[in-house]
Every structure is written in structure tokens, then in C-alpha cells.
Amino acid sequence: MLTIGVLVSGGGTNLQAIIDGIGNGSIQGTRIGIVISNKPGAFALERAKQNGIRALTISPKDYADPSAYDDAMTGALREAGVSLVVLAGFLVVLSERFVSCFAGRIINIHPSLIPSFCGNGYYGLKVHEQVLKRGVKVTGATVHFVDAGTDTGPIIMQRAVAVKRGDTPETLQKRVMEEAEWVILPAVINAIAQDRIRLEDNIAYVI
Ligand code: GAR
């Protein structure tokens, strides 16, 4: 059984997609051990509680220095028996120290086709605003392993989504979530639970 820890900051629709995937069998051999938010009021925490999943808030603002925050996070994840950390709309940049504690065991969902529209400052609606501003015709979502950089780790799965005339950042975000994010994040978790991901020369393959 793969125990995952899901880190969130907001509405938690990707968390919901994971909960639903476990419920309907599209994600097998997996349980959510803990949900951690950096924001106390995040609706994602509510979703966790409604589904009987342990949920807590750990905010970097409550810690004197970054390493104390790292210790609180790694402590909570280890105590919950977590062997895969899933960043599902988590908007805190994790330290190198944290990443090395879970090396190769952290994945992130990003709402664009990396390497486009990613890196510092590209998160949430801002990504879709920039996509519309640049006028690209295809966008999408990416699930990747997390390394010490921002959105730089090996890409595991991507799905393309059409940009349509008249889209607003909100309508585009909704389409990217429905057609891409909520599909590929559960699919990657299921593949990891079944040990179907291989890294060769830092390139990830689903087998
Ligand atoms: C999602 O679109 C996710 O891809 C994005 O934040 C949103 C969270 O929504 N993440 C990033 O931008 C990370 N750089 P949710 O809370 O409803 O899952």
C-alpha cells in the first residue's frame, strides 16, 4: 500500500480528484495518510475532513526559520507514514533540504505544458493569464518529479488542452483542470503505486 501525503494551499479540486480516484478504483493500492495546508482556511482541508482524512495546517509564517518549518513538515509526513509527497496546488516553494529528505518521492501538478509558462511567478490563474496574453493555441498540464528548482524536475505525464477564442483566465483554468489536471494526477499516482515509473538519465518513463 502506497501512503501519500497531499500538500495543498487552496480549493483542493486536485485533492478531490485523488480522493475520487481512490474511491472509484482508478487509483489502486493507495491511501492518503495526511493532507497539509500552509493556509488555515483552505477549502482543501474541509474536503479532507469530510472524507475522514487527517488534515492540518503548517504555515512557514509560524516558524522562526526555514529549517524549523522543514522539520515540522518532514516530521508530520513521516509520522503519517508517507512515502510519496503530492503537491496538489501547493504554492510554497520547498527548500532543497526538504526536497532531499524525500528525494525522488515528490511530485507536482503544474497547469501548463512545461517548459512553457512555468518557474518563479507562474502559479494558479497567473499561468492562464500569460497563456492568453501570448496567444498560444495549445496549453495543458504537467505532472513532474520535484527537484531543487522550480518546475524543473523530470516530466512524468502531460496532457494538451485547446485554448479557445473568448477564453478568460477562469474559463481556461476550468478546462485545463477538467481535461488535464484531474486526469493525469490520479493516473501518475496510480502508476507510482504500481511501480510503473522508471528514470533513465533523468528522463521519466511510464511503463
Ligand atoms: C491547480 O490549477 C494547480 O495546477 C495549480 O494551482 C491550482 C490549484 O487548484 N498549481 C500551481 O500553479 C503550481 N505552480 P486546486 O487547489 O483546486 O487543486
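Each reported figure results from applying straightforward, stated rules to the coordinates on display, with no laboratory input. No experiment lies behind these values; they were computed from the predicted model shown. All Cβ positions, glycine included, derive from the backbone under ideal geometry; neighbour counts span all protein chains shown.
Between VAL138, ILE207, ILE18, the Cα set farthest toward the positive side of the dipole of the chain (charges on each charged residue's Cβ, about the Cα centre) is that of VAL138. For the chain, the dipole from Cβ point charges (+1 on Lys and Arg, -1 on Asp and Glu) about the Cα centre works out to 520 debye, to the nearest 20. Once the C-beta distance of THR57 and SER83 is scaled by a Förster radius of 25 Å, the resulting FRET efficiency is 0.65 to the nearest 0.05.
Close amide H contacts of LEU91 (hydrogens built in the peptide plane, cut-off under 5 Å, sequence separation of 5 or more or a different chain): SER9. In the chain, helical runs assigned H by DSSP with n ≥ 4 each contribute -39500 (n - 2.57); averaged across all residues and rounded to the nearest 500, the mean residue ellipticity at 222 nm is -10000 deg cm²/dmol.
Charging the Cβ of each Asp and Glu at -1 and of each Lys and Arg at +1, and nothing else, the dipole of the range 21-76 about its Cα centre rounds to 340 debye. Taking a label point 7 Å from the Cα of LYS126 along the Cα→Cβ vector, which residues of the range 170-200 have an amide N closer than 12 Å to it? Nothing falls inside the zone, counting backbone N under 12 Å. Segment GLN194..GLU178, full-extension length gain: 3.3 nm, with 0.36 nm per residue of separation and the alpha-carbon distance subtracted. Please label the shape of the chain as rounded, prolate or oblate, based on the square roots a ≥ b ≥ c of the eigenvalues of the alpha-carbon gyration tensor (a/c under 1.5 means rounded; beyond that, a/b larger than b/c means prolate, else oblate). Rounded. Exposure here means at most 12 other Cβ atoms within 10 Å; with trypsin sites (Lys or Arg not before Pro) in a DSSP loop as sites, the longest stretch of the chain lacking them is 1-136.
Subtracting the Cα-Cα distance of VAL138 and ASP20 from 0.36 nm times their residue separation leaves 39.7 nm of extension gain. Treating each Cα of the range 63-182 as one equal point scatterer and applying the Debye formula with no solvent, the log10 of I(q)/I(0) at q = 0.11, 0.18 Å⁻¹ comes out as -0.41, -0.90.
The antiparallel fraction among DSSP beta bridges confined to the chain stands at about 45%. For the range 173-186, putting each phi into the Karplus relation 6.51 cos²θ - 1.76 cosθ + 1.60 with θ = phi - 60° gives couplings of 4, 4, 5, 5, 5, 5, 8, 10, 4, 6, 9, 7, 5, x Hz, in residue order, rounded to whole numbers and with x for Gly and Pro. Sequentially through the range 141-156, phi angles give Karplus couplings (6.51, -1.76, 1.60; θ = phi - 60°) of 9, 9, 10, 9, 6, 9, 10, 5, x, 9, 6, 10, x, x, 7, 9 Hz, Gly and Pro residues having no value and appearing as x. Amide hydrogen proximity for ARG159: with H placed 1.01 Å from N in the peptide plane, the residues at 5 or more positions away or on another chain lying under 5 Å are ALA141. Quick one: of LYS39/LYS126; LYS133/LYS164; LYS126/LYS164; LYS39/LYS133, which pairs are farther than 22 Å apart, Cα to Cα? Among LYS39/LYS126; LYS133/LYS164; LYS126/LYS164; LYS39/LYS133, the Cα-Cα distance tops 22 Å for LYS39/LYS133.
Going from the fewest other Cβ atoms within 10 Å to the most, the residues ILE197, ILE156 appear in the order ILE197, ILE156. Full extension of the chain between GLN28 and LYS49 yields a length gain of 5.4 nm, computed as 0.36 nm times the residue separation minus the alpha carbon distance.
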